[in-house]
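> This is the structure I want to talk about, given as structure tokens.
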Amino acid sequence: MNLILLVTALLVIPAGFLIVIGDDVDPLLEAQRAFRKSAKKSRDRTQLRLRLDELGQGSESEYVDFRIKQYGYCAATSALSFTIVLLLMHNLLLAGFSAILLILLSYVLLDRELTKDIKRRRELIESEFPAVIEMLTLAIAAGETPMSAILRITSSADGQLAKEFQIVVAGVRSGLPLNETLDAMGRRVKSVMIRRFVDALITATLRGAPLVEVLSRHAVEARGNQRNRVMSAAGKAEISMMIPVVFLILPISILFALWPSLTNLNMFAS
């Protein structure tokens with residue numbers, strides 16, 4: 001009886017909401033407007049704006065869209081879990097607990113997915129960095145200015161680091177100094193390698209130091225870091241390849257080698 005009353009209440013609440021807002025108002029638009037208003041007022045305790053900015057999605061609309069996505073997934077999973085547990089277990093307390101658990105789980109999974117995307121993009125930028133810095137070194141050694149060399153990279157290269165340089169070029173064209181836009185790029189990309197390169201480039205341009213020597217030194221260092229990263233990935237792949245060999249292939253090989261002997265011993269014993 002309680003279950004029937006609860007399901008009826010769940011159906012009556014949306015109907016009452018539609019009656020209150022009237023016939024001339026679209027309920028979907030009203031719900032979307034309410035979600036956007038709530039997303040704008042939500043507190044950014046997990047530094048979501050900074051992480052979206054690192055992904056190149058730092059606008060207010062993209063922040064609101066991600067918050068709405070979080071709210072939607074949490075609401076859908078909690079409602080589904082609440083309904084299923086209530087219909088199967090007939091326990092209101094257990095259904096509420098499962099709904100709260102699914103809300104927390106959905107929120108954490110979406111947050112971890114965003115963190116993985118940021119880490120993946122950072123790794124792509126660091127892998128592209130040696131080739132881009134060599135192009136920059138060759139362009140400056142040929143007599144181009146740092147700004148024209150960056151323009152050449154943005155027009156010829158295709159990748160995440162080239163997109164960051166496009167943001168630098170857009171900032172310079174809007175009237176900002178090159179040093180400020182490069183410093184903003186170093187703060188936006190949370191990479192020690194990029195930060196050191198940006199600091200060295202800014203210092204060299206402000207003090208009039210030879211840029212070719214600075215860039216050549218960073219190019220050699222970047223190639224060394226890339227080699228170490230490849231060797232580390234190869235070592236991890238070798239370990240992961242040893243797992244099926246040790247726990248699957250080797251036991252089966254030993255079993256095939258010992259099975260005839262064990263069969264003969266059983267025959268002699270019988």
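> Based on this model, can you work out whether Thr145 counts as modelled with pLDDT under 90, more than 29 Å from the chain's Cα centre (by Cα) and hydroxyl-bearing (Ser, Thr, Tyr)?
Details: modelled with pLDDT under 90: yes; more than 29 Å from the chain's Cα centre (by Cα): yes; hydroxyl-bearing (Ser, Thr, Tyr): yes.
Judged against the criteria, Thr145 is a match.
> If I go through region 129-167 residue by residue, how many of them are within 19 Å of Pro210 (Cα to Cα) and among the basic types (Lys, Arg)? Steps first, please.
Applying the first criterion (within 19 Å of Pro210 (Cα to Cα)) to region 129-167 yields 132-150.
Then drop every residue that is not among the basic types (Lys, Arg), which leaves none.
Going through region 129-167 one residue at a time, the tally reaches 0.
> What do you reckon, is Val214 β-branched (Val, Ile, Thr) and surrounded by fewer than 15 Cβ atoms within 10 Å (Cβ to Cβ)? So that I can check it myself, show each step before the final result.
Details: β-branched (Val, Ile, Thr): yes; surrounded by fewer than 15 Cβ atoms within 10 Å (Cβ to Cβ): no.
No.
> Something else: Whether any residue in region 41-54 is more than 17 Å from Leu110 (Cβ to Cβ), surrounded by 14 or more Cβ atoms within 10 Å (Cβ to Cβ) and modelled with pLDDT of 65 or more is what I want to check. Don't jump to the end; show me each part of the working.
We begin by selecting, within region 41-54, every residue more than 17 Å from Leu110 (Cβ to Cβ); these are 41, 53.
Checking which are surrounded by 14 or more Cβ atoms within 10 Å (Cβ to Cβ) leaves us with 53.
Now drop any that are not modelled with pLDDT of 65 or more, which leaves 53.
Scanning region 41-54 turns up at least one residue that is more than 17 Å from Leu110 (Cβ to Cβ), surrounded by 14 or more Cβ atoms within 10 Å (Cβ to Cβ) and modelled with pLDDT of 65 or more.
> Here is a follow-up. Run down Arg67, Arg112 and say which single residue is assigned by TED's automatic domain parsing to the domain that holds Leu50, basic (Lys, Arg), under 24 Å from Gln47 (Cβ atoms) and loosely packed, with under 13 Cβ neighbours inside 10 Å.
Values: Arg67 fails: loosely packed, with under 13 Cβ neighbours inside 10 Å.
Just one listed residue meets the conditions, Arg112.
> Ok, one more. If I ask for residues that are surrounded by 15 or more Cβ atoms within 10 Å (Cβ to Cβ), part of a helix (DSSP H, G or I) and not aliphatic (A, V, I, L, M), which ones from region 180-211 would you list?
Thr181, Asp183, Gly186, Arg188, Arg195, Phe197, Thr205
> Exactly one of (1) modelled with pLDDT under 85; (2) in a helix (DSSP H, G or I); (3) surrounded by fewer than 16 Cβ atoms within 10 Å (Cβ to Cβ) is unmet by Ala222. Its number?
Of the numbered conditions (1) modelled with pLDDT under 85; (2) in a helix (DSSP H, G or I); (3) surrounded by fewer than 16 Cβ atoms within 10 Å (Cβ to Cβ), the odd one out for Ala222 is (3).
> Right, next: Out of (1) closer than 15 Å to Gly56 by Cα; (2) buried (at least 19 other Cβ atoms within 10 Å of the Cβ), the odd one out for Pro130 is which?
The number of the failed condition is (1).
> Which ones in region 90-106 are at pLDDT 85 or above and within 12 Å of Leu80 (Cβ to Cβ)?
Once the filter is applied, which keeps residues that are at pLDDT 85 or above and within 12 Å of Leu80 (Cβ to Cβ), region 90-106 yields Ser98, Ala99, Leu102, Ile103, Ser106.
The values are calculated or read from the model by the stated rules, or taken from the named source; none is laboratory data. Note that the coordinates shown come from a computational prediction; the quantities given were computed from them, not determined experimentally. Positions of Cβ are backbone-derived with ideal geometry, glycine not excepted, and every protein chain shown enters the neighbour counts.
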